[in-house]
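Below is one structure; the comments refer to it alone.
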Amino acid sequence: MYCSVPTTSTIVNMEGRTSSTFFDTVALMARRDAATSNRASITADDPLACCSPVSDTALDETRATVLAQSFAALSDPIRLRLLSVVASSPSEVCACDLVEPSGRSQSTVSHHMKILVDAGLVTREKRGLWVWYRVAPERLAALRAALA
């Protein structure tokens with residue numbers, strides 16, 4: 001005897017979106033948990049999270065490296081525009097919606113978004129064929145505070 005799991009019914013997930021299968025909903029919940037724990041670890045392990053402005057004390061090597069990587073990610077006009085599009089969105093932005101405002105190809109947008117993700121400025125979540133981006137407000141606040 002085996003357990004029957006609904007695989008073709010439509011389910012409304014926690015975000016109010018319809019999901020085609022039970023497994024899609026479970027996968028979404030697992031990704032949410034992973035994203036939440038990842039954001040918590042970024043905040044807890046982030047050398048910029050609780051530091052004073054650069055004008056108060058000399059930077060140690062770790063903090064200087066993290067600051068340089070974050071600002072290097074923002075040094076390209078396309079990445080700055082992409083970050084602006086994501087940050088001005090009320091929740092999250094699909095990768096497909098970033099191609100037109102940037103005026104670049106999808107592969108170029110993906111490359112630039114990877115740099116922003118690696119710098120900790122944006123988080124991403126893959127759902128099916130698409131990647132959804134949202135800004136990491138705690139990292140932007142930390143960069144803002146570092147320059148204060």
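The values are calculated or read from the model by the stated rules, or taken from the named source; none is laboratory data. Note that the coordinates shown come from a computational prediction; the quantities given were computed from them, not determined experimentally. A quick note on method: Cβ atoms are made from the backbone with ideal geometry, for glycine too, and the neighbour counts reach across all protein chains shown. Keep in mind that these areas ignore ligands, DNA and RNA; they rest on the heavy atoms of the full protein, side chains included. Shrake-Rupley method; radii C 1.70, N 1.55, O 1.52, S 1.80 Å.
Which condition number in (1) out of contact with any strand residue (DSSP E or B) (no Cβ under 8 Å at 6 or more places or on another chain); (2) open to solvent by 50 Å² or more (accessible area, probe 1.4 Å) is the one that T108 fails?
Single failed check for T108: (2).
Can you say whether S91 is polar (S, T, N, Q) and within 18 Å of L143 (Cβ to Cβ), as far as the supplied structure shows?
no
Determine, yes or no, whether R144 is open to solvent by 60 Å² or more (accessible area, probe 1.4 Å) and of a type in the set (K, R).
Yes.
Just to be sure, is S84 open to solvent by 30 Å² or more (accessible area, probe 1.4 Å), over 9 Å from the mean Cα position of the chain (by Cα), closer than 30 Å to L59 by Cβ and of a type in the set (S, T, Y)? Full working, then the answer.
Numbers: open to solvent by 30 Å² or more (accessible area, probe 1.4 Å): yes; over 9 Å from the mean Cα position of the chain (by Cα): yes; closer than 30 Å to L59 by Cβ: yes; of a type in the set (S, T, Y): yes.
Spelling it out, S84 is indeed open to solvent by 30 Å² or more (accessible area, probe 1.4 Å), over 9 Å from the mean Cα position of the chain (by Cα), closer than 30 Å to L59 by Cβ and of a type in the set (S, T, Y).
Would you kindly identify the helices (runs of 4 or more DSSP H) lying entirely within the stretch 1-112 that contain at least 2 residues that are modelled with pLDDT of 85 or more and of a type outside the set (K, R)?
Counting at least 2 such residues, we get 61-73, 77-88, 99-102.
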